[in-house]
Amino acid sequence: MNEQREQKFDLLENNANAVRAVMAAVESTIGPKGLDTMLVDQFSNVVITNDGVTILNMMEVNHPVARMLIHSINAQQEEVGDGTTTAALMAGEMVIHGLEQISKGVPVAQVLTGLRYGVKEACRLMEQEAILIGSMDTGQLYNIAYVAGRENAAIARLIMEGAQLIGQEKLLDPGFRFSQRVKAVEGAESEVLNGVLISKERLTRQMPLELEGNIKVMVLDDALEQESLENGALSTESGFQQYLVLKEEFKTNIQKLIKTGVQAVFVDRGVDDAAAELLEEAGVLVARVPHKELVDLAEHCGARLLKRISLSKPADELQKQFGAATHILGNEKLAHIKVLGGGGKNMATILVGATTGEVVGEKERIAKDAASSVQSALQKGLVAGGGAAELAVARQLEQNKNALSGMAVFGADCVIAALKKPFMQIITNAGFNPLEKLGDVHKAQELQQNHHLSINCDTGRIDDLYIAGIVDPLYVKLHGLKTAGEVAEAILRIHIIVKKKEYQPTQ
């Protein structure tokens, strides 16, 4: 019996250590005074970042519990695009606090009951802290971009310029991801384009590098090649004759396409050599485009995504499917093409550039976080940052946990500890005593009945962070709480770890 108890405690301690290792990898990065982490592989390739999810995904991890935690943080990134470090710290704190309670004899079931209640109640209380924006309030949205963008004012301005170009209606669309409009290019100048950036070059160097005016654009979601025959067809006389007919028809269609006055053709797949030569001689720009960029291009230019069978249509019908642009500019050095001033919908592209690959990669992560946070805040509202909202919720949860009976309160304590963790780490990284500052903020919030109060990391004094412009998106907080609670519950439920047998393929 004692041996089983020792094995259980060994498992708990082992799992706790794995979680602590994950937390240690990202905790120094949180807050305005957070530092960067350098990741180095066996080939001495270097990535420098303070983006939590990037660190966790690149670090070497073997423990299954640590992998569970990292997988949940990836889910946070996929859903809201920010708040991964906060979610990791809260999840880790719930797990460590929960394992401590279990090791003291609190039943797992009671810890989980309290933890579920705590997360649900914390989310309810957090929603009460929300301040809705309701419109393109550029001041508050800029503050969101600035904080989420790690106080990079240049990137925050780019994000705001892009947001204004896209417009509120598009940003409120749940299916639209603002962060996907961020493109990072080494050696480029940072700017916001009213258009699409294509990560490919023109098909040949003899095709035009720049086009201006009322440019006719065709977007082909297919190969610009003649129809193929079935395997073996060319080995027969009739098959060869059919091939010659198709070849001639395709050539005729290309010549007809040229007569429409089309100036730019963007295709999803291969381009026939003979077609490329004819289009080149006619001064038509042709480029193969990744499918996602092709869809964006069609939307921006107001073009219909065509299949190659459309080439057989009469010229006047074909022209109706074209889109338009005012400026197409290729860049051979950076290997991309800008398509600007489309005749369709505004399609802002936020181009982030830097001199080196390491720096441009980090700038891209910063800009994507800022873009995700701006969109999230516009959709769901915002709360005071710097841990202020979490501390207010923790204090209220401390009072409300009396609704629980028995040992379940210890599970709610796990959530209370997790809510305090981001603030404690932010203050630690800023060089102050976290316990002292925690007491100061609790007292100030209660006395002044102001949940926006927290520590200004520059001065160390209590400040109204909402007025100071230190704000976070509500949805990032809510999703982080739920993510932390789900993974903490999954880890705390683990009773034993068993190695699976190796896969044996059937003969």
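The values are calculated or read from the model by the stated rules, or taken from the named source; none is laboratory data. A quick note: this is a predicted structure, and the numbers were derived from the prediction, not measured. FYI the Cβ positions are ideal-geometry reconstructions off the backbone, even for glycines, and counts take in every protein chain you see.
Side notes on the structure shown:
- Residue match in the range 269-282 (condition: closer than 30 Å to LEU171 by Cβ and either surrounded by 18 or more Cβ atoms within 10 Å (Cβ to Cβ) or at pLDDT below 95 (or both)): no
- GLY92 vs. criteria crowded, with 24+ Cβ neighbours inside 10 Å, in the same structural domain as VAL476 (by TED's automatic domain parsing) and of a type outside the set (D, E, K, R): yes
- Listed by position, the strands (runs of 3 or more DSSP E) enclosed by the range 426-476 that each have at least 2 residues that are more than 14 Å from GLY31 (Cβ to Cβ) are 462-464, 471-473.
- Within the span defined as the range 324-334, every residue fails to be modelled with pLDDT under 95 and farther than 16 Å from ILE198 by Cα.
- Candidates ALA394, ALA389, ALA377, filtered to the one that is at pLDDT below 95, surrounded by 21 or more Cβ atoms within 10 Å (Cβ to Cβ) and either in contact with a His (Cβ under 7 Å, 6 or more places away or on another chain) or closer than 16 Å to THR86 by Cβ (or both): ALA377
- Residues located in the range 252-298, provided they are acidic (Asp, Glu) and in a helix (DSSP H, G or I): ASP273, GLU277, GLU280, GLU281, GLU293, ASP296
- ALA371 meets all of the listed conditions (1) outside any helix (DSSP H, G or I); (2) under 25 Å from GLN77 (Cβ atoms) but one, namely (1).
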